[in-house]
Amino acid sequence: MTIRIFIDPGHNLGTINAGASANGLVEADVNFQVGKGLADILRMDDRFEVRMSRNTIDEVIGTDMATSLQTRVTLANDWPADYFISIHCNYSEDVNLNGSEVYIYRRYTQANWLAEHLLQALVDVVQMRDNLIHVDPELYVLKHTTMPANLVELGYLTNINDAEKLRNDKELFSVALYVGLLQYFGFAA
């Protein structure tokens, strides 16, 4: 049986549901590159089938924030995906904040167990700080997907060390997410 993974590189370039920017990095760009890297790796593994919400870096999903989020969820639900991973970068006025974190809809679920593996792989492979798993039932893509869903914050664009990794080690982030998936499914990494 093939496992269907839906990858959502969060936000769009431009002004519709645009993400953050800092230290010369644009969130939608980083999200896409890491998401596409993960999709490329998954496509080489016949245990997985993968689709993405944005298939090119400049593809714009939706006409405003609401339709952008709704379209991403609808694409995953209609497929239907087995798992949903939304990829993001964090932003803070406090430039000392750094590290990776994962958001889920509720604890003690498959999404929670997957989040544990994804976060641990980011810590182990990319050497990111572990900022824990957070429950946020109000995040649209977590609330409205019909499959286990994770929203991964890779690191802080506003932290110089995280920004350096997000600029230079995008492939490592993709590999880490793949390793986390393998570990979650009990496959040899």
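Among the candidates Arg106, Arg167, the residue that is part of a loop (DSSP other than H, G, I, E, B), among the basic types (Lys, Arg) and on the phi < 0 side of the Ramachandran plot is uniquely Arg106.
Quick one: is Glu153 open to solvent by less than 50 Å² (accessible area, probe 1.4 Å), under 23 Å from Arg54 (Cα atoms) and either touching a residue at least 12 places away in the same chain (Cβ under 8 Å) or not charged (D, E, K, R) (or both)?
In short, yes.
Of all the numbered requirements in (1) free of Cβ contacts under 8 Å to residues at least 60 places away in the same chain; (2) among the hydrophobic types (A, V, I, L, M, F, W, C); (3) surrounded by fewer than 22 Cβ atoms within 10 Å (Cβ to Cβ); (4) under 19 Å from Ala111 (Cα atoms), Phe187 misses one, and that requirement is (1).
Here Glu164 meets each of (1) in contact with a strand residue (DSSP E or B) (Cβ under 9 Å, 6 or more places away or on another chain); (2) open to solvent by 40 Å² or more (accessible area, probe 1.4 Å); (3) acidic (Asp, Glu) with one exception, condition (1).
If we keep just the residues of region 104-135 that are of a type in the set (D, E, K, R) and under 24 Å from Lys170 (Cα atoms), which is most open to solvent (accessible area, probe 1.4 Å)? Don't jump to the end; show me each part of the working.
Taking region 104-135 and keeping what is of a type in the set (D, E, K, R), we get 106-107, 116, 124, 129-130.
Within this subset, residues satisfying the condition of being under 24 Å from Lys170 (Cα atoms) are 116, 124, 129-130.
Details: Glu116: 89, Asp124: 86, Arg129: 127, Asp130: 69 Å².
Here the residue is Arg129.
Which residue out of Glu138, Glu171 is without any contact (Cβ under 8 Å) to a residue 12 or more places away in the chain, open to solvent by 20 Å² or more (accessible area, probe 1.4 Å) and more than 16 Å from Thr109 (Cβ to Cβ)?
On the way: Glu171 fails: without any contact (Cβ under 8 Å) to a residue 12 or more places away in the chain.
It is Glu138.
Please find, within region 84-103, the residue that is least open to solvent (accessible area, probe 1.4 Å) out of those that are part of a loop (DSSP other than H, G, I, E, B) and at negative phi. Top of the filtered list is Ser92.
Within region 6-35, the set of residues being among the hydrophobic types (A, V, I, L, M, F, W, C), surrounded by fewer than 23 Cβ atoms within 10 Å (Cβ to Cβ) and in contact (Cβ under 8 Å) with a residue 24 or more places away in the chain comprises Leu13, Ile16, Ala20, Ala22, Leu25. Residues in region 39-74 that are under 14 Å from Ala18 (Cβ atoms), touching a strand residue (DSSP E or B) at 6+ places or on another chain (Cβ under 8 Å) and surrounded by 15 or more Cβ atoms within 10 Å (Cβ to Cβ): Arg54, Val60, Ile61, Gly62, Ser68. When you check Asp29 against the structure, is it outside any loop (DSSP other than H, G, I, E, B) and acidic (Asp, Glu), yes or no? Judged against the criteria, Asp29 is a match. Being of a type in the set (Val, Ile, Thr), farther than 24 Å from Ala163 by Cβ and in a loop (DSSP other than H, G, I, E, B) is a condition met by no residue of region 72-83. Just one of the listed residues (Tyr108, Tyr103) is aromatic (Phe, Trp, Tyr) and more than 15 Å from the chain's Cα centre (by Cα), namely Tyr108.
The values are calculated or read from the model by the stated rules, or taken from the named source; none is laboratory data. Everything numeric in this text was worked out from a predicted model, so none of it was measured. For neighbour counting, all protein chains shown are included, and Cβ atoms are generated from backbone atoms with ideal geometry for every residue, glycine included. Surface accessibility is based on the protein's heavy atoms, side chains included, excluding ligands, DNA and RNA. Shrake-Rupley method; radii C 1.70, N 1.55, O 1.52, S 1.80 Å.
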